[in-house]
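One structure is given below, encoded as structure tokens.
The values are calculated or read from the model by the stated rules, or taken from the named source; none is laboratory data. Note that the structure is predicted; figures quoted are calculated from it, not measured. Glycine also receives a Cβ, built like all others from the backbone with ideal geometry; neighbour counts cover every protein chain displayed.
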Amino acid sequence: MAEDNPGGQGDQASPFNRTAQHDAKRTAILSQAARLFNSNGSRATTLRDIAEALGLTKTSLYYYVKTKEELIYQCYMATLDHQHSSLDDIEQSYTAPLERLSAYFLRHFEDWQAAQEGRAPHNAVLLEIAGLKGSHREEVEARYIAMFKRLRRYIRQGVERGDMRPCEPTSTVLALLGSLDWTFSWLHSVPPGSVEATAAKALELISRGLYAGDREYQPRKLNREANHQSGLPGFNRAQQNRLKQEAFYKTGTWFFNKQGFNGTSLDEIAEHLSVSKGAFYYHIKNKEDLLVSCYNRSLDILERIHAEAAQAGGNGLEKAGLTCRRIFYIQNSAEGPLIRYNSITALPLERRRAVLRRTEAANRHLSDFLAEGIEDGSVRPVDTFVAQNLIAGAVNAAMDIDLWRKVGDIDAVALDYFDVFFNGLLPRGQVSTQ
């Protein structure tokens, strides 16, 4: 008896199956585009770059996508479709909420390694959702929120079953997603053969937390000292220029965070500040320079916070917690915001490297606090490099918490947000009264 349709049009492996060929080419285009967007940023990546990387003509690429915005949108939707497909598979394989959440966490690392080794497509890091327009942004945001809700459901169910510690589920998922999103900036420094072990360390950290005690870590009340402004006279021109630049950088940070680099207009910033274009451009030469200045302003603040935490006394865990809470407060109060690193790929490579070198140096202070905590017994023996980067990702994603949940006392929300890193997901003993 002959085979049913051997090698025919319905055979997905057949070279004559045009649908399969089209889908394979589209997947290759989106993977290559995601790789270039992740490493170089959308601003520095052209459609010609993507076509040449695939051995295509630009005309051939236009058959699949007409504009770069359309390509970014398709990359983001492909990534989110992959995330939902992964969750579908996980829900088929595991029933316990904690197992599902753990499997999702580990799969993120597995997907990254598979893409690096050419075994799977690259997934786009969702850095520039804010730069999408109209229905593109709405669809991507809706798909992202749907993924977020699935993960939050695992947390709620796990707490109800007693498999997880009581925690605020919205804040916990936001912190974990921030940590996972940040891996694109540091996993490349992990030896290829160590990615699986690094993923296991990361999962163990969020499962058990940093705190070395048997019960829950209860941080001290945060003493927020008022910022003391310089006492220079108001008529001092240098002081006035400094205050103007601070206003430009602060407002620019807000626009870059909300609208992305491509969606931000210098004219719009000047109008928002009620400043003439001439006066604005006297201080700010171009958008790229403004973005660099916004990063430097944020790093100045971070370095000051680290220095204050180092001098505050207490053990290593308390210093790490103080750092996180003060950064969170600035991100979600009138003192902020700090720049989100979603815009980092908009900078040319040399300027980007300079910002990242300074960022890594600042983040190492957190690693130092954790190492101090291991020595003084407040922190469990953990890989401080992994811990530093997980927390750094959550810090980067810590702004606009009020879009996701009600905010009264900002510091109380900060404690909810970072709780997963200090106390972990797994149940502990009764709350300590120390």
Give me the residue from segment 376-396 that is touching a Gly at 6+ places or on another chain (Cβ under 7 Å) and modelled with pLDDT of 90 or more and, out of that set, surrounded by the fewest Cβ atoms within 10 Å (Cβ to Cβ). Asp376
Considering residues of segment 76-107 that are over 15 Å from Met164 (Cα atoms) and polar (S, T, N, Q) only, the residue surrounded by the fewest Cβ atoms within 10 Å (Cβ to Cβ): Gln92
Output for Cβ contacts, cut-off 7 Å, separation at least six or different chains, first residue in a helix (DSSP H, G or I) in segment 71-98, second among the polar types (S, T, N, Q), reads Ile72/Ser42; Thr79/Asn123; His82/Asn123; Pro97/Gln157
Would you mind telling me which numbered condition in (1) touching a Leu at 6+ places or on another chain (Cβ under 9 Å); (2) surrounded by 20 or more Cβ atoms within 10 Å (Cβ to Cβ); (3) farther than 18 Å from Phe421 by Cα Met164 fails? (3)
Looking at segment 238-245, can you tell me whether even one residue there is loosely packed, with under 12 Cβ neighbours inside 10 Å, over 20 Å from the mean Cα position of the chain (by Cα), modelled with pLDDT under 90 and not in a helix (DSSP H, G or I)? no
Unique residue being closer than 23 Å to Ala197 by Cα, among the basic types (Lys, Arg) and not in a helix (DSSP H, G or I) when the list is Arg107, Arg119: Arg119
Here is a check on your reading of the model: is Glu99 modelled with pLDDT under 95 and of a type in the set (Asp, Glu)? no
Would you check if Gly408 is surrounded by fewer than 23 Cβ atoms within 10 Å (Cβ to Cβ) and over 21 Å from the mean Cα position of the chain (by Cα)? yes
With the structure loaded, tell me whether Asp419 is within 30 Å of Arg215 (Cβ to Cβ), over 18 Å from the mean Cα position of the chain (by Cα) and not small (Gly, Ala, Ser) or whether it fails that test. no
Looking only at segment 165-203, count every residue that is over 21 Å from Thr359 (Cα atoms), among the acidic types (Asp, Glu) and not in a loop (DSSP other than H, G, I, E, B) and tell me the total. 1
Any residue in segment 329-345 that's free of Cβ contacts under 8 Å to residues at least 60 places away in the same chain: show its pairings with residues that are crowded, with 22+ Cβ neighbours inside 10 Å at Cβ separation under 7 Å, as long as the two are six or more apart or on different chains. Ile330/Leu338
Mind telling me which of the residues Asp181, Asp111 ends up being outside the structural domain of Ser42 (by TED's automatic domain parsing), closer than 30 Å to Asn257 by Cβ and of a type in the set (Asp, Glu)? Asp181
Mind listing just one residue for me: the one in segment 325-340 that is among the charged types (D, E, K, R) and farther than 15 Å from Leu415 by Cα and, of those, nearest to the chain's Cα centre (by Cα)? Arg340
Considering segment 204-219, residues that are part of a loop (DSSP other than H, G, I, E, B) and charged (D, E, K, R), and then whichever is farthest from Asp419 (Cα to Cα), we arrive at Asp214
Go through segment 40-61 and give me each residue that's assigned to a helix (DSSP H, G or I) and without any contact (Cβ under 8 Å) to a residue 12 or more places away in the chain. Arg48, Ala51, Glu52, Lys58, Thr59, Ser60
I'd like to verify a number: residues in segment 379-411 that are touching a residue at least 40 places away in the same chain (Cβ under 8 Å) and either in a strand (DSSP E or B) or of a type in the set (Gly, Ala, Ser) (or both), how many? 7
